[in-house]
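Where a number appears in this text, it was derived from the coordinates with a stated rule and is not lab data. Just so it is clear, the structure is predicted and the values come from calculations on it, not from any experiment. No Cβ is skipped: glycine too gets one built from the backbone with ideal geometry, and neighbour counts run over all protein chains shown.
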Amino acid sequence: MRHPVLETKLNPAASAAIGEDGTFSGYASLFDRLDLSRDRVRPGAFRTSLARRGAAGIRMLWQHDPAEPIGVWLSLVEDAKGLLVKGRLGASVTRAREARALLAEGALDGLSIGFRIERSLTDPRTGIRDLTEIDLWEISLVTFPMLPDARVARHGHAASLEGAALVRTLRSAAARLRAIHRNQ
């Protein structure tokens, strides 16, 4: 009996961007992308949860293990692309130091969300479930994320991710201010 061959394509020279202080950023979720369990997170799904909990209320875990917190989330922003996160690994936590080394070496870069579903719609024909409101509890560093593109930013991309999110936030705020000014 022949076993299927597992094919992978990655750039071994690319490692995750991690600051000297243990900070990193990336996308923990991307909107309108089908994950391996046939779920698709819709834009706005995190809005209520982020407003209620804030970054301080969302835990950073190792491989979804509630017994292994490894750091803190500094910012969680829902932008046009998905859930952009910035976190810092704990300097005095053994597992966090291990995670930092694995990130720096390029051996680990997955991000995965732990949540409860508040609202969703499932297409009976395709089985695809659209998640429209999520109660976000935790975001983990993982080896294999359910959404393969949910990753820590690579070297050279972290600043551009944060800069792009800032530009989108500023443009959105400017548009809201213009709308308010027009209605006065």
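So what is the relative contact order for the stretch 60-146, in percent, with contacts set as C-alpha pairs under 8 Å and at least six apart?
Numbers: 143 pairs, mean separation 26.2, N = 87.
The value is 30 percent.
Taking the simple approach of a point 7 Å from Cα along Cα-to-Cβ for both THR122 and ASP65, what is their distance in nm?
3.1
When the chain is fully extended, how far beyond the present Cα-Cα distance does ARG42 get from ILE180, taking 0.36 nm per residue of separation?
Working: separation 138, 0.36 × 138 = 49.68 nm, distance 2.70 nm.
Result for the pair: 47.0 nm of gain on full extension.
What's the ranking of 109-121, 133-145 by average number of surrounding C-beta atoms within 10 Å, highest first? Could you put the intermediate results ahead of the total?
Numbers: 109-121: 17.2, 133-145: 19.3.
Answer by packing, highest mean first, reads 133-145, 109-121.
Using a Förster distance of 22 Å, how high is the FRET efficiency between ASP21 and ARG52, based on the Cβ-Cβ distance and rounded to 0.05? Please list the in-between numbers first.
Values: r = 28 Å, r/R0 = 1.28.
About 0.20, to the nearest 0.05.
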